[in-house]
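Asker: Submitted below is the structure of interest, expressed as structure tokens.
The values are calculated or read from the model by the stated rules, or taken from the named source; none is laboratory data. This structure is a prediction, so every number in the text was calculated from the model and none was measured. Glycine also receives a Cβ, built like all others from the backbone with ideal geometry; neighbour counts cover every protein chain displayed. These accessible areas exclude ligands, DNA and RNA; they are computed on the full protein's heavy atoms, side chains included. Shrake-Rupley method; radii C 1.70, N 1.55, O 1.52, S 1.80 Å.
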Amino acid sequence: MWIVPEAAIADLITPEASFEAVEAVFGAMSRGDAYNFPVIRESIGHADALYGFKSGFDRAGLNLGLKSGGYWPGNEAKGLTNHQSTVFLFDADTGKCSACVGGNLLTALRTAAASSVSIKHLARADSKVLGMIGAGHQSAFQMRAAVQQRNFDKVIGWNFHPEMLSRLEETAGTLGLPFEAVDLDRLGQEADVIISITSSFDPILKAAQVSAGTHIACMGTDTKGKQEVEAELVVKATVFTDEVAQAISIGECQHAIAAGMIEQSAINELGAVINGTHPGRTSAGEITLFDGTGVGLQDLAVAARVVELAIAKGVAIEVDF
Ligand code: NAD
């Protein structure tokens, strides 16, 4: 088997390669060629940690495996990132473990790639203002991936902890874009594309705050109970997701579904838009919302790409296992 350590990943995979891998696997999921297994996520009663597995099988790409890991809130004080994960890949023909890959940077890249894929396929072509809700670790990756998709001329942002907004300003600066901190009313009015990437358990953005024609990528809600936007906004929007089963259970749609405000049939797969079997946005005034819950197949897709690159560059460590 091959081992690709976390420290090697940054020099191996680009955001562009992550984008291609994620777009391809969303398409495969919608065609029925790839499927995710049920997510396990448990509070382990130690170190305040949430731990679990995301796994699946892509018959088209022959990627079988899992991402194991979770969230350790005390890690920052130890100089580590709070999210810790490792991807294990298995030979689809024999079940033998074929690779162990550091999953921390990959998680950020594949999550940013997902919202970026949604922007490519759902945002208005003339989108100019990018609105960011959230200024944590993932937010910089999200912004960098988003600006690849549209000709944005400004970034505006809001965060629950305003002292963290400097991360957005610095990231926008490195991308040559002006940044302005705004309130949620202005963010909703002025942004053509909004990305939310927080760990909120209460709705932040209200339906009445969002302008017609906006595309919203809700990326923070990946657990039961989390919520970033009002359920009324999910009702008002044309909704897309990576996987419907996750959207209704651990994604942003869980609240509108639980309240009986939408039917499951109203939630569309982004993969169907990629494959051309759903038209996606049909008018300039439509609000589109991507519920990006984060699926195991995204992790397997980027990890498999990394293993190929690591072997080609001679940095993968081979172990007799
Ligand atoms: P982080 O801890 O670095 O940042 C947390 C962010 O949430 C900050 O902006 C913080 O101000 C905000 N926040 C904290 N408490 C809040 C509250 N009560 N109300 C509103 N905002 C609050 O986390 P991160 O690594 O940037 O991840 C952000 C979120 O994205 C997490 O919830 C994480 O689980 C989720 N995530 C989702 C996916 C996916 O595939 N969908 C992948 C990775 C992470």
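Asker: How do Arg124, Arg167 rank by accessible surface area computed with a 1.4 Å probe, from largest to smallest?
Answerer: Arg167, Arg124
Asker: Given the pairs Lys154/Lys236; Lys54/Lys206; Lys206/Lys226, which span a C-alpha to C-alpha distance of over 22 angstrom in this model?
Answerer: Flagged as over cut-off: Lys154/Lys236; Lys54/Lys206.
Asker: For the stretch 75-131, just the Cα atoms, rotate onto the principal axes and tell me the three extents in Å, largest first.
Answerer: 48, 41, 8
Asker: What whole number of Å gives the distance from the Cα centroid of the stretch 255-295 to the Cα centroid of the stretch 96-124?
Answerer: Result: 19 Å between the Cα centres.
Asker: Largest first, how would Arg110, Arg150, Arg305 line up by accessible area (1.4 Å probe)? If you can, show how the numbers build up before the last one.
Answerer: Details: Arg110 10, Arg150 40, Arg305 85 Å².
Most to least solvent-accessible, the answer reads Arg305, Arg150, Arg110.
Asker: By the scheme Lys and Arg +1, Asp and Glu -1, what is the net charge of all other residues having a beta-carbon under 10 Å from that of Gln148?
Answerer: Taking every Cβ under 10 Å from that of Gln148, the sum is +2.
Asker: So for Leu64, Leu270, what's the accessible-area order with a 1.4 Å probe, most first?
Answerer: Details: Leu64 45, Leu270 0 Å².
The ranking, largest first, comes out as Leu64, Leu270.
Asker: By DSSP, what percent of the beta bridges with both residues in the chain are antiparallel, rounded to the nearest 5?
Answerer: Once the DSSP bridges in the chain are tallied, antiparallel ones form about 50 percent.
Asker: Report, in degrees rounded to the nearest 10, the 0 to 90 angle that the Cα long axis of helix 137-146 makes with the longest principal axis of the chain.
Answerer: 70
Asker: Here's a follow-up. Rank Ser196, Ser249, Ser139 by mean-square fluctuation in a GNM of the chain with C-alpha springs under 10 angstrom and give only the top-ranked residue.
Answerer: Of the options given, Ser249 has the highest mean-square fluctuation.
Asker: Subtracting the Cα-Cα distance from 0.36 nm times the residue separation, let me have the gained length for Val235 to Glu42 in nm, one decimal. Don't skip to the end; give the middle numbers.
Answerer: Numbers: separation 193, 0.36 × 193 = 69.48 nm, distance 2.97 nm.
Result for the pair: 66.5 nm of gain on full extension.
Asker: Taking the stretch 147-297 on its own, what percent of its Cα-Cα pair distances exceed 29 Å? Numbers along the way, then the final one.
Answerer: Working: 1741 of 11325 pairs.
That fraction is 15 percent.
Asker: Let me ask another. Tell me the angle of helix 296-313 to the major Cα principal axis of the chain, expressed in degrees between 0 and 90 and rounded to the nearest ten.
Answerer: That works out to roughly 50 degrees.
Asker: For Val25, tell me the accessible area in Å² from a 1.4 Å probe, rounded to the nearest 10.
Answerer: So the heavy atoms of Val25 present about 0 Å² to solvent.
Asker: What angle, in degrees between 0 and 90 and rounded to the nearest 10, separates the Cα long axis of helix 104-122 from the longest principal axis of the Cα atoms of the chain?
Answerer: Helix 104-122 sits roughly 40 degrees off the main axis of the chain.
Asker: In whole Å, how far is the Cα centre of the stretch 1-80 from that of the stretch 194-234?
Answerer: Measuring centre to centre over Cα atoms gives 23 Å.
Asker: While we're looking at this one, here's another question. If you count only protein heavy atoms and use a 1.4 Å probe, how large is the accessible surface of Asp183, to the nearest 10 Å²?
Answerer: 80
Asker: Moving on to the next point. For the chain, what number results from the quotient of the Cα radius of gyration and 2.2 N^0.38 Å?
Answerer: Rg over 2.2 N^0.38 Å, computed on Cα atoms: 0.95.
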